[in-house]
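The values are calculated or read from the model by the stated rules, or taken from the named source; none is laboratory data. Since the model is a prediction, treat every value here as computed from it, not as a measurement. Ideal geometry is used to build each Cβ from the backbone, glycine not excepted, and the neighbour counts take in all protein chains shown. Remember, those area values only see protein heavy atoms, side chains included, never the ligands or the DNA or RNA. Shrake-Rupley method; radii C 1.70, N 1.55, O 1.52, S 1.80 Å.
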Amino acid sequence: MRVLEKAPAKINLSLDVVGRRSDGFHEVRMVMTTIDLADRVECVGLRENTIRVTTTAPYVPEDDRNLAYQAAQLIKDRYGIDAGVSLFIQKRIPVAAGLAGGSSDAAAAIRALNRLWNIGMSYEEMLDAAKKIGSDVAFCIKGGTALATGRGEKISALPSLPPCWVVLVTPDISVSTAKVYKEWDRYPAVRPDVDGMIEAIRRQDFTDICDLLGNALETVTMKKVAEISKIKNHMKRIGAEGILMSGSGPTVFALTQHESRKQRLLNGMRGYCSQVSAVRLSHPVEPLPKSE
Ligand code: ATP
């Protein structure tokens, strides 16, 4: 049997680092939303008791370093599944780009295996498995728009944003999330207004959402990747309503509600970077139909 799941990317609208915890992780408050750019995770059941991972991206590991592999291993162990699975990951989300591609693949694998092996995990049980894999995996179980706290694993749903375009620009440099958090300690704190962002979303006030975009990690990554400020300045000149680096970067996104500005941003940014696209926001994930 074959089960397909979409694994959408996320962007951070507000990312505050509250401090470092005694376990070495950082305490965060983040408002995140999923976008209509997704990997596809296809699971095929195997009689042989093994996990196989293949991907379409050259630098993504296909062994137990792959987050979707780790998700499958955890589900097999936790629910005593005496069968195997082959996971085929069609990558469309840029890798190590601040868009949670690996985390979303792991979340999609949890959802898919729940169906493939008829485990009957509740949303809470899926969240519990997700948080063992990585901080962003819990959010990716359902996606949509949410506040994530703790290490990022405590999720409270928020209303969807007003409709808009998201223009994504990813410089050709990969960024290690762990390194950026490590460096954060050495920079003066930048504190975005997370509560203001939540209120703006509740009011559906697109102008305020754009004005309140903020990311405590932005200055850290900007020091290493000079392109980020150039991209931001250029997007501002073109007329984006709101601009921010997502996660630990280096992807920069712009929000606009105007089709003509979206087109202008796409045309203007294509000369700067090879990875430029415009997508819509996406709804919480719905499973794709199961096939025999
Ligand atoms: P986040 O925004 O959650 O910090 P990211 O978008 O910056 O994540 P990913 O694309 O998830 O980064 O990849 C980070 C690293 O994780 C990659 O360099 C890769 O080695 C590893 N990895 C493990 N599994 C995957 C996967 N399924 N897809 C992509 N990368 C993966």
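Values for this structure:
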| read-out | value |
| --- | --- |
| Whichever residue in segment 104-116 is open to solvent by less than 10 Å² (accessible area, probe 1.4 Å) and without any contact (Cβ under 8 Å) to a residue 40 or more places away in the chain and, among such residues, is farthest from the ligand (Cβ to nearest atom) | 110 |
| Some residue of segment 89-96 being open to solvent by 20 Å² or more (accessible area, probe 1.4 Å) and not assigned by TED's automatic domain parsing to the domain that holds residue 34 | no |
| Flag if residue 7 is within 12 Å of the ligand (Cβ to nearest atom) and either within 30 Å of residue 255 (Cβ to Cβ) or open to solvent by 10 Å² or more (accessible area, probe 1.4 Å) (or both) | yes |
| Some residue of segment 157-169 being free of Cβ contacts under 8 Å to residues at least 12 places away in the same chain and over 27 Å from residue 265 (Cα atoms) | no |
| Residue count for segment 161-180, restricted to those that are in contact with a helix residue (DSSP H, G or I) (Cβ under 8 Å, 6 or more places away or on another chain) and outside any helix (DSSP H, G or I) | 9 |
| Residues satisfying the stated conditions in segment 52-69, i.e. in contact with a strand residue (DSSP E or B) (Cβ under 6 Å, 6 or more places away or on another chain) and not small (Gly, Ala, Ser) | 52, 53, 54, 55, 56, 62, 66, 69 |
| First in segment 1-28 and closer than 15 Å to residue 177 by Cβ, second anywhere and open to solvent by 20 Å² or more (accessible area, probe 1.4 Å), Cβ under 6 Å, 6 or more apart | 9/37; 17/184; 25/151; 26/20; 26/181 |
| For residue 201: the one exception among (1) part of a loop (DSSP other than H, G, I, E, B); (2) closer than 27 Å to residue 127 by Cα | (1) |
| Matching residues in segment 47-103 - criterion: being assigned to a loop (DSSP other than H, G, I, E, B), more than 10 Å from the ligand (Cβ to nearest atom) and of a type in the set (S, T, N, Q) | 49, 50, 56 |
| Of all residues in segment 179-204 being over 17 Å from residue 248 (Cβ atoms) and without any contact (Cβ under 8 Å) to a residue 12 or more places away in the chain, the one that is most open to solvent (accessible area, probe 1.4 Å) | 203 |
| Residue in segment 48-68 that is in contact (Cβ under 8 Å) with a residue 40 or more places away in the chain, surrounded by fewer than 20 Cβ atoms within 10 Å (Cβ to Cβ) and of a type in the set (D, E, K, R) present | no |
| Helices (runs of 4 or more DSSP H) wholly inside segment 206-292 containing at least 3 residues that are within 16 Å of the ligand (Cβ to nearest atom) and either open to solvent by 50 Å² or more (accessible area, probe 1.4 Å) or under 20 Å from residue 180 (Cβ atoms) (or both) | 218-224 |
